Each structure stands twice: as C-alpha cells, then as structure tokens.
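Quick notes on the structure that follows.
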C-alpha cells in the first residue's frame, strides 16, 4: 500500500561542516519520490552554527525542531517523531555515513512487503575496528534479548510505519533503544543491505562512555538478565563458599595451622572475592533503582524551544 506522506527524521548535534552537503544530497532524493514529503531536522542543543544553518533552510518541506539543550540522539529522534506527519518515517544520521540516496529503497521495500519496520545492514562498513567489535557484541546481545534476528542494530537508517512510531511515543520511556523498542510493536520486520560511507566531516559524537550507556539502556530496558545473572552468581558463590570451607577444614586437619600462614591469606582472598561480588550486585541493582526513580518522576525526556 502506497504511503501518502513520507517523513525523514534527522537528529543534529554540532554538524555545521556537514549540514549544507547533507541538504544538497537530500533535496534531490525528496524531489525524486514525487510525493508529499518532509524532512524534520532536530537540533539537539548544538553549540556550533548548526541551528543557524538549519534555520536558513527551514520552510516548505523542511522543518527544524530546536531542543532547549543536548538530550542525546534517541531523545532527539523522539522529538522528531512527535513533530512529523508521515505515514512512513525514515530515520538517519546527519554525518552522511548513511547515504540519503538509499531512502527510496527503504520505502519501496516497506510498501511492497507491507513491513512495519525495515532495518538496514551496513555493507562495507567504514568504521574502525574499535567500533566494529563492540557493535558485534551488542548486535548478538540485542538479537538474544529481543528475539528478532536482525544483523545490524546500530545503523540509524531505518524505516517505521506511523502506528509503530505512535506506539513508541505512547511508551514514554526515558531510557530506551529505539530499534529494539520498535520491534516490540511490530510483527513484520525485515532488513536490507545499504551502502556505508566515510564520515563527511568532523568526528563521531558517540564517545566510549556514551556507547556503554546506550548498550546498558538496551539491556536494562528490555531484559532482566543482569538481575537474573546476580541471582545465579550468588547461588554459585554460595556453593563455592561452602565447598571452599570444607576444603579449608580438611586441609587444616591434614597439614596443620601453618600450611597457609594460619589461614590469613586464604581469608583475605575469600573476603576480597565476596566483597567484590557484593559491590557488583549493588551496582547493578542501583542502576535499576536509579532508572525506576527517573521514570516515576515523569519529567519530560526532552523539551522543545521552538519549531521552525
């Protein structure tokens, strides 16, 4: 079924060197689709000239959403979802690693197959090995958590139907991972290969810490695995502690009190092991409690200053 309107949502954060080239490549793609189409570019609290450049291009089929500060990529995408009107919504990055020329293929696949979500697999990925290896680990974890067997969960170039986007907006989750959240509301999901390019200019805004936070959001938002892991680890440690205690008693009977410096070293080893395990458990539980606290406060995950 052919969609009447298409929306392209692009989060922007300090991309002044890329924006002109992005819009230069995006406009011909939008014109070629010969439909009612809009691009919604969300300025996520940029500190360079990004907002100024975006405002110069606002109008006609380009909408600019200005957030009050930097909330992060996924919050910016949600702000774009809130302000778009398309029956099919495309998300993509502003750094031109996702070629805009691939957009018509996503729309074609979605309409011909009547899919609700179309993911993408980056062919010939241009990122460094330090980003590829963690990405493979996260992809494997996401497949296991969601039960949806997509190969590449990290590519922002994706297509969603309006009902799926509306369901995501209603969920009102502060810490979430959009590709995984979308599949929880979709029955028909597929994935296609798309080309991947070198970053046009600047550097990635995702530091190692942000990537770790994003991946932890994925695990805690869609799985109780860390809590279950702590339970089984505690059970294992209890059995280990009991077994080790028996070994110590037997060794003391056989070898006497002098066999391990009166047991002082053994005591320290056991103590450090259990204290470390306890702090790990407290840390994981603290993360869950902290996220629950943020959710129950019901503060908005982003605030919009103005729409141009």
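Protection proxy ranking, highest mean first, for peptides 92-98, 34-40, 58-64: 92-98, 34-40, 58-64, where packing is the per-residue count of other beta-carbon atoms within 10 Å, averaged. Listing 194, 249 from fewest to most neighbouring C-beta atoms within 10 Å gives 249, 194. Mean separation of Cα pairs under 8 Å and 6 or more residues apart, divided by the residue count, gives the stretch 21-91 a relative contact order of 34 percent. Taking the number of Cβ atoms within 10 Å of each Cβ as an exposure proxy, the fewest-first ranking of 82, 15 is 82, 15.
Values in this text are rule-based calculations from the coordinates and carry no lab data. Since we're looking at a predicted model, the values are computed, not measured. No Cβ is skipped: glycine too gets one built from the backbone with ideal geometry, and neighbour counts run over all protein chains shown.
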